[in-house]
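Just below is one structure, and these are the notes that go with it.
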Amino acid sequence: MMPEAGTSEVPPLIDLKSVSRQFGRHPDFAARMAIALKLATPVPMLRAVDQVDLAVRKGEVLGLVGESGCGKSTLGRIAAGILPPSQGSVLWRGQDLAQLPRAARREARLRVQMIFQNPYASLNPRRSAGDIVGEAPRIHKLIAGDPAAFIDEQFRRAGLDPALKRRYPHQFSGGQRQRIGIARALAVRPDFIICDEAVAALDVSVQAQILNLFMDLRASLNLTYLFISHDLGVVQHISDRVAIMYLGRIVEEAPTDEIFARANHPYSQALLAEMPRIETTKRHFTAVKGEVPSPLAPPAGCHFHPRCPHAFARCRVEAPPLKTIAAGHKSACHLNDTAVV
Amino acid sequence: MSASGAVMAPVVKSSAILEVRDLRTHFVGETGSVKAVDGVSFSVKRGRVLGLVGESGSGKSVTGFSIIGLVDPPGRIVGGQVIFDGRDLTRVTREEMRGLRGRRIAMIFQDPMMTLNPVLRIDTQLIEAIRAHADVSQAQARAWARDALGMVGIPSPEERLHAYPHQFSGGMRQRVVIAIALLHKPDFIIADEPTTALDVTIQAQILAEVQKLVAESDTALIWITHDLAVVSRLADDIAVMYAGRIVEAGPVAEVLDRPLHPYTAGLIGSVPSRNRRGERLQQIPGMMPSMLHLPKGCAFRTRCARADAACAADVPLLPVGDREYRCFHPLIEVPVTEMPA
């Protein structure tokens, strides 16, 4: 299934416009006075997401990749409407969520559902699996007809035996719990699913089953996915397009085959070089130097410059914008400018 | 402990540094007995890396804990031998084991905070570990500790000695733990998924370090993991476990290129990079059976497409050249007498 053509006419399903999100304590009056009088240092703010533009078109699977602390989960939560952005706006089918009337906003939010990494932590241990799956559709009055039959249908669609609906989460295996999470998300008939590391906690053989389920459901229900993962192999397999994040910013965005064949950003190149593959015959690991800096004090300019082998003076002062370098391929690196000049 | 008829010679000569013979570790509970490790045999030579691979519940970690004598009740080693340097580690006294652990054998856990004490500075912990086994002064131990941190690639080790564990990143913490494991140049190390929780670039840094240190110090290493990709790059040999037993073992490239056991083949086939992008992943049908109710004979037969009536009988581990497999219907028909070495 291809994403719908003519994106100029059809607005993207979700369009994040220059969204940022900071975390930190807001200083109270006394603290503000102390800071003003230079008796205290300003409260550090963590910029988890820093002016990110990202659009997901209907029917596509967008893979969002990055290491821990890069802000990919925060960005996912902003897209899901769970977390409001500190700045910027979230457009749902071209309309700003924050400007919509209450009822329409509620309706739009219901169309976006999230599947979490840890299926055990995201399921109420004191409710039966059937209750967990049936609660949201009951509240939103989406069940026409027999509720029991409705829940059975949700179970079957996620590959679960409806006979198990009276059981509690602890009585299921990890893979089955993830299926309950999927059944719960799909029960409200969403258009857009955000998977936040949804297969990371699963064994390889179970992971394959769940990934297959995701692909089957995409085809049968015409779903759109934002697939957040640190696992490049999984992202490569399931995604149409890939966006790579580093310290709160998107550094590269391209169709999957393009990015895996011709990664442009030095960070993407390093990340893809470290991608563990079975078929590799290379026996030695050549690691990127250094660690991800603290997001509390990110380096000036390009966040990657302290670890980048190609960094030059400009990278230390000026943050590179995300620029189109080929059809559908964007990268945020000053090297692309120098190559042209 | 049941001797189960095995000859218990006090000193056993072996070319390998560590030889595990028919190890059995069972957990006895109210609902029955779980044979977590059920007749596992393998050996490791100096300077070699054995990848012990399996999914959750396969018994790979319990095998590691059994070797180093850290199985907690209700778990108990009920049979078999762990021959290290001519001694059976399942029969040594607690005091003897304490003398060996940390000096001649070491273990690295998945979570570095299982090894590190959160309320003690790194220098206190390293010096304690050094002086437990070596008769050196405080100043000598301190210099030793500093060099150990430097060896695993921790920048400015002198200053970092004063830090507490929480002041290190996850990757750096794991390096401290590796430094502690290597302090006394042990003869072998058991590493239980030490890079699973780390980011791709940090994992690559640590694997590069481990690869170098094992080669330099001629240490034997058992790397317990579920990640076939890591094993394919790091290990010399591989042993695949399923439901408490080794189902296949041999040189890593041969096993991954031409698996003999259907489970090994299924596991390799489940990895996304072994499949065409966007197509359904090959999946192993069904789930891992409960360890309380394993099928008779081959534990994999209920999920295996090649299984027939013969598989209900106990399958021995069959040798072919330098490989072993536990299957009546291996995937490649090998003339047992003409297997190339």
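Descriptive notes on the structure:
- Matching option when the condition is away from every other protein chain (no Cβ under 12 Å), part of a loop (DSSP other than H, G, I, E, B) and modelled with pLDDT under 90, among A:Pro298, A:Pro320: A:Pro298
- Residue in segment B:77-95 that is free of Cβ contacts under 8 Å to residues at least 60 places away in the same chain, assigned to a strand (DSSP E or B) and not basic (Lys, Arg) present: no
- When restricted to residues that are crowded, with 19+ Cβ neighbours inside 10 Å and outside any loop (DSSP other than H, G, I, E, B), segment A:303-317 contains 3.
- Qualifying residue in segment A:85-104 (condition: among the β-branched types (Val, Ile, Thr) and under 13 Å from the mean Cα position of the chain (by Cα)): no
- Residue count, segment A:167-200 (criterion: within 14 Å of chain B (Cβ to nearest Cβ), under 17 Å from A:Asn124 (Cβ atoms) and within 20 Å of the chain's Cα centre (by Cα)): 2
- Check on A:Arg166, in the same structural domain as A:Val65 (by TED's automatic domain parsing) and outside any helix (DSSP H, G or I): yes
- Every test in (1) part of a loop (DSSP other than H, G, I, E, B); (2) within 13 Å of chain B (Cβ to nearest Cβ); (3) within 22 Å of the chain's Cα centre (by Cα) is passed by A:Leu160 save one, and that test is (3).
- Residues that are assigned to a helix (DSSP H, G or I), exposed (fewer than 15 other Cβ atoms within 10 Å of the Cβ) and not aliphatic (A, V, I, L, M), drawn from segment A:323-341: A:Asp337, A:Thr338
- Considering segment B:278-302, the residues that are surrounded by fewer than 17 Cβ atoms within 10 Å (Cβ to Cβ) and of a type in the set (A, V, I, L, M) include one that is modelled with the highest pLDDT, namely B:Leu292.
- The residues on offer are A:Gly145, A:Gly175, and the sole one that is assigned to a helix (DSSP H, G or I) and either of a type outside the set (D, E, K, R) or in contact (Cβ under 8 Å) with a residue 40 or more places away in the chain (or both) is A:Gly175.
- Yes/no for B:Ala106 being over 16 Å from A:Glu291 (Cα atoms), away from chain A (no Cβ under 13 Å) and within 21 Å of the chain's Cα centre (by Cα): yes
- Positions within segment B:178-219 being in a loop (DSSP other than H, G, I, E, B) and of a type in the set (Ser, Thr, Tyr), in sequence order: B:Thr195, B:Thr196, B:Thr219
- Total residues in segment B:106-119, condition surrounded by 13 or more Cβ atoms within 10 Å (Cβ to Cβ), within 14 Å of B:Asp192 (Cα to Cα) and not aromatic (Phe, Trp, Tyr): 8
- Filter pass, A:Ser68 being outside any loop (DSSP other than H, G, I, E, B), at pLDDT below 90 and among the hydroxyl-bearing types (Ser, Thr, Tyr): no
One line per residue, one yes/no per condition, for (1) buried (at least 24 other Cβ atoms within 10 Å of the Cβ); (2) free of Cβ contacts under 8 Å to residues at least 60 places away in the same chain:
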site	(1), (2)
B:Lys185	no, yes
B:Thr195	yes, yes
B:Val200	no, yes
B:Val214	no, no
B:His226	no, no
B:Val231	yes, no
B:Leu234	yes, no
B:Ile238	yes, no
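- Among the candidates B:Ala204, B:Ala208, the residue that is under 28 Å from B:Val44 (Cβ atoms), out of contact with any Lys or Arg (no Cβ under 9 Å at 6 or more places or on another chain), within 14 Å of chain A (Cβ to nearest Cβ) and surrounded by fewer than 19 Cβ atoms within 10 Å (Cβ to Cβ) is uniquely B:Ala208.
- Looking only at segment A:257-276, residues that are within 11 Å of chain B (Cβ to nearest Cβ) and either in contact with a Cys (Cβ under 9 Å, 6 or more places away or on another chain) or modelled with pLDDT of 95 or more (or both) come to 2 in all.
- Test for B:Thr219: is it more than 22 Å from A:Gly159 (Cβ to Cβ) and either more than 12 Å from every other protein chain (Cβ to nearest Cβ) or free of Cβ contacts under 8 Å to residues at least 24 places away in the same chain (or both): yes
- Tally, over segment B:220-236, of residues that are among the hydroxyl-bearing types (Ser, Thr, Tyr) and part of a helix (DSSP H, G or I): 1
- Total residues in segment A:201-230, condition more than 8 Å from chain B (Cβ to nearest Cβ), within 21 Å of B:Ala229 (Cβ to Cβ), under 13 Å from the mean Cα position of the chain (by Cα) and not hydroxyl-bearing (Ser, Thr, Tyr): 2
- Condition met for A:Phe155 (surrounded by fewer than 20 Cβ atoms within 10 Å (Cβ to Cβ), outside any loop (DSSP other than H, G, I, E, B) and either among the aromatic types (Phe, Trp, Tyr) or within 14 Å of chain B (Cβ to nearest Cβ) (or both)): no
- Yes/no for B:Ser66 being within 14 Å of chain A (Cβ to nearest Cβ), out of contact with any helix residue (DSSP H, G or I) (no Cβ under 7 Å at 6 or more places or on another chain) and not in a strand (DSSP E or B): no
- Subset of segment B:258-277 that is in a loop (DSSP other than H, G, I, E, B) and more than 7 Å from chain A (Cβ to nearest Cβ) - its residue that is surrounded by the fewest Cβ atoms within 10 Å (Cβ to Cβ): B:Arg276
The values are calculated or read from the model by the stated rules, or taken from the named source; none is laboratory data. Remember, it's a predicted structure, so these values are computed and weren't measured experimentally. Because the Cβ atoms are built from the backbone with ideal geometry, glycine has one as well, and the counts that use them run over all protein chains shown.
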